[in-house]
Each structure stands twice: as structure tokens, then as C-alpha cells.
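None of the figures in this text is laboratory data; all of them are computed from the coordinates on show. None of these values were measured; they are calculated from a predicted model. Heads up, the Cβs are rebuilt from the backbone with ideal geometry, glycines too, and the neighbour counts pull from every protein chain shown.
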Amino acid sequence: MSIGTTQKLAVLIDADNAQPSIIEGLLAEIAKYGTANVKRIYGDWTGPHLKSWKEVLLLYSIQPIQQFRYTVGKNATDAAMIIDAMDLLYTNKFDGFCIVSSDSDFTKLASRIREAGLVVYGFGEKKTPEPFVSACDKFIYTEVLVTKEDDSLPITRKSTNELKQDTRLVNLLRNAVEASSDESGWSHLAPVGSNIAKQAPNFDPRNYGYIKLGELIAATKLFEIEQRPVGDGHSRSVYIKDKRKQ
């Protein structure tokens, strides 16, 4: 199913691999993709290490799932999340899953859910192993979800020179614009964004300090940008062209 606000989502949080400071930004981000019909968080709630999580569970109506640590060094929480995820998958009541963890143990789970035709949104810190990131349809780094007291973007904005020196970013943007362009070389912003998402699930303008894709593309100064009127002229669409294509 394509991304849309009508999606029914199951949100599963690994309390051992996520911080409560992300919760407000996390739920706001999830609301962009659909409705969180199920919100569960897993951990051993008998210990003191999850005390900070306990304080936000009631506020955000998140159901805590108790999982005792039977053996030191073994993560029983992961197993409980995976079992629950499969049970929820087989109910056929959901359009997608949100897996909140930086643990690579959920790589196979994400792949299995996608094989069933459902969308997987991953949320984790930048230390999250690449296999788990790649197994998701979209992966959001939780560092961008923690807002400062002045409500500004938490990630430092990269300069034009820094963006130009990021070879992976430059190639990603140029390839997406090229793949979405018409015969004149111009591309509408929306399909450019869709193409980028297919190439890199973890791509997010906020990782570079920019709120929107158009702002990031403009900041690179590698592309021509036009705003063209749509319909009655009250709204405009953004079009992009690689400056190398003259």
C-alpha cells in the first residue's frame, strides 16, 4: 500500500533501544503516515532502568508489555516484539508497522512484513546497523525527532560546501532528478522525492538540518529551481533541473 494518512499502523517500541525524549516527535511523525491503532512498548518493567519511560506511557496511551530477562546477556524483549508483530500481521487488520529500535535483530522481521505487502517504517538512532535500515520502506533517525526548547530543528544545518562535498547525497539527488525528468530535463519535486525514498530508505532532509526536500535541494546550489502556477494560479509546483543539463 502506498504511503497515506489512512493507513492503520501498529507501533512497536523496544524500550531498551529507544529514549523517552523522542516520544512526542515520534508520534507526530507517525501521524504523517497513518493512524497508530496499536501502540505497545516492550521491556522488563520490574527494573529501575525504564523508570523514565514509565512516566510517559499513560500520557501517550502506550501499552507496556512486560518481558522478564530470563538470562543475562540475552534480549528477551526482541523475541517478544517479534512474536507480537507476527500475531498482529496475521490478523490482517493493519496496513503497516512502525518498529522503534536501533537493534539489527529486527532486520528479518521488517523483511518478512514487507514480503506480506505491508509498509514498514523504522525508527532508530544513527548507530542503527545498515541491514535493518535497508529492510524498511522508510527509516527515520530519531535524532531529528528530539526538539529543542526553542522548537528549532535539533540537527545543525549543513552549509552549501558541506552538502556539495557529500558525494552520496549529490549522486542521490542527481540520480533522482534524472530519473524523474522530462525531455527538457525538468523534474517535478514530488516524483523526485518518491525516487529518493526508493533508493535510500533513511534519506531525510532533516538529517542535514533542512525541514523540506526543496530547501535541501536549493541549498546545494547544484540545481535550477522553478515555481510554476497550478490551476487557478493560487498555488505553485516546484520543478528542478540539474544545472549541468543546459
Mind checking segment 6-105 for chymotrypsin sites (Phe, Trp or Tyr not before Pro) that DSSP puts in a loop (not H, G, I, E or B) and that have at most 14 other Cβ atoms within 10 Å? 60, 68, 70
So what is the relative contact order for segment 133-246, in percent, with contacts set as C-alpha pairs under 8 Å and at least six apart? 29 percent
Using a 10 Å cut-off around each Cβ, can you sort 49, 188, 234 from fewest to most neighbouring Cβ atoms? 234, 49, 188
Taking the chain and dividing mean pair separation by its residue count, relative contact order in percent (alpha carbons under 8 Å, at least six apart): 15 percent
Segment 7-145, relative contact order [Cα under 8 Å, separation at least 6], %: 27 percent
Expressed as an acute angle from 0 to 90° and rounded to the nearest 10, what is the orientation of the C-alpha long axis of helix 189-199 relative to the principal long axis of the chain? 50 degrees
Rh (Kirkwood; distinct C-alpha pairs) - segment 160-242, Å: 13.1 Å
Set 8/138; 8/32; 212/241; 54/93; 8/126; 8/51, cut-off 20 Å on Cα-Cα distance; pairs above it are 54/93; 8/126; 8/51
Between residue 165 and residue 197, Cβ-based FRET efficiency (R0 25 Å, step 0.05) works out to 0.60
State the antiparallel share, in %, of DSSP beta bridges confined to segment 1-142, rounding to the nearest 5. 0 percent
In what sequence do 91, 142 fall when counting other Cβ within 10 Å, fewest first? 91, 142
